[in-house]
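Presented below is the structure to which this report refers.
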Amino acid sequence: MVQVRAVHPTHADGNIDIQAWMAGISEQVELLDTSRLQRACEWAQEVRDRASENEDIWATAEVDCFRTGLEMAEILTTLQVNEETLVAAVLYRAVREEKVALKDVKEAFGPVVAQLIDGVLQMAAISNLQSPTRDNILGQSDGQLTNVRKMLVSLVDDVRVALIKLAERTCAIRAVKNVDRKKRYLVSREVFDVYAPLAHRLGIGAVKWELEDLSFRYLKPNAYKEIASFLDERRMDRQDYIERVLGNLTEQLTLAGIVPDISGRAKHIYSIWRKMQRKNIEFSQVYDVRAVRILVPELTDCYTALGIVHGLWRNIPQEFDDYIATPKENGYRSLHTAVIGPEGKVVEIQIRTFAMHDEAELGVCAHWLYKGTDLNSNGNSYDDKLAWLRQVLEWHDEVGDGSEFVA
């Protein structure tokens, strides 16, 4: 599912209103010192304005180092990162485009911000070693790509470096729609082969899905358009159907004393295509075109809800997975089932707790949130976090080539 790029607040003259932008950021993430982030924004804007049109080879009407920095920070706020990470994100493109020296960043904002930016620059240098000229099947990786991923992982002494790079590549793939075909292909290939798998290994579903769908859109445009067309054809009928299913579930779960949050689940075009390819089935046979997600407060509620679902409708045995008892390699936990719902139509249902859902969307970031620690911690707690992160990333070698991206 493709995200719509956020529109930055502007003054009457069209310039971005930094104060209004800061207010929006403050509503999403707690900032201990808003002045530092504001200074970073003002600096990025100043260096952007100083650059001549000829020197600013990256800039277009919608894309420049300042706007990209703000967009990166907006993406990172959804992952609940800290202020230093946001400052580094805002300034990264200005440093990358050599409009600002890293030593000046260190002097103005301290060594931590400078180290974060330097780490992202190193990731960019290594990913540039990739030569994405293969024409093999999407989702299959070769030895070269595996080595690139390993080199990237070896650089991640601080998970925030990986998060900033993922935000930067998300901005890049959002912006390639209007560039030439070759550049669009190269960016999409890199994102699909390197950064979507990295987001998956970190368990950050919110970023992973967007990277996969957008890169798939440009790498396999005909397949993307075909599935998007199928989804649009009977969208209203599906929505009406799902609303009836949601009503039934809400009533029964409430009677059981559970206060759920039930919704229709977002449809991800790449995952639908991948499932069609893997199972050699038609679009009409993909169960999660009609999909529901049930969020509940407690672990025991998950299994109670599962019993209620199977009591309402006949389940399809081969389509049941208990990822709570046996989590996926990236820590993903949920119950998955498919049932013969009303009118004999198949419905896929996911059931998990609110905490599990945050973990599925935020991945490594949710780990800190639910362990009661934060990204500012030092000492043993930081060492524990780093060891945990490396364990997650090492699963890549244990599991294989990373060809399965569906969570």
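Quick notes on this structure:
- Only residues that are within 17 Å of Ile340 (Cα to Cα), out of contact with any Lys or Arg (no Cβ under 8 Å at 6 or more places or on another chain) and among the basic types (Lys, Arg) were counted in region 218-252, giving 1.
- Residue pairs whose Cβ atoms lie under 6 Å apart, separated by 6 or more positions or on different chains, with the first residue in region 335-362 and basic (Lys, Arg) and the second surrounded by 22 or more Cβ atoms within 10 Å (Cβ to Cβ), are Arg352/Ser334.
- Residues in region 299-311 include at least one that is over 23 Å from Glu359 (Cα atoms) and surrounded by fewer than 14 Cβ atoms within 10 Å (Cβ to Cβ).
- You will find that of Tyr195, Tyr185, the residue that is in the same structural domain as Thr85 (by TED's automatic domain parsing), closer than 18 Å to Asn330 by Cα, at pLDDT 85 or above and of a type in the set (Phe, Trp, Tyr) is Tyr195 and no other.
- Residue check: Lys328 meets all listed conditions (1) surrounded by 13 or more Cβ atoms within 10 Å (Cβ to Cβ); (2) touching a strand residue (DSSP E or B) at 6+ places or on another chain (Cβ under 8 Å); (3) among the basic types (Lys, Arg) but one, namely (2).
- Within region 182-239, helices (runs of 4 or more DSSP H) holding 2 or more residues that are of a type outside the set (Ser, Thr, Tyr) and over 16 Å from Ile272 (Cα atoms): 196-201, 205-219
The values are calculated or read from the model by the stated rules, or taken from the named source; none is laboratory data. Note that the structure is predicted; figures quoted are calculated from it, not measured. Every residue, glycine as well, gets a Cβ built from its backbone with ideal geometry; the counts of neighbours run over all protein chains shown.
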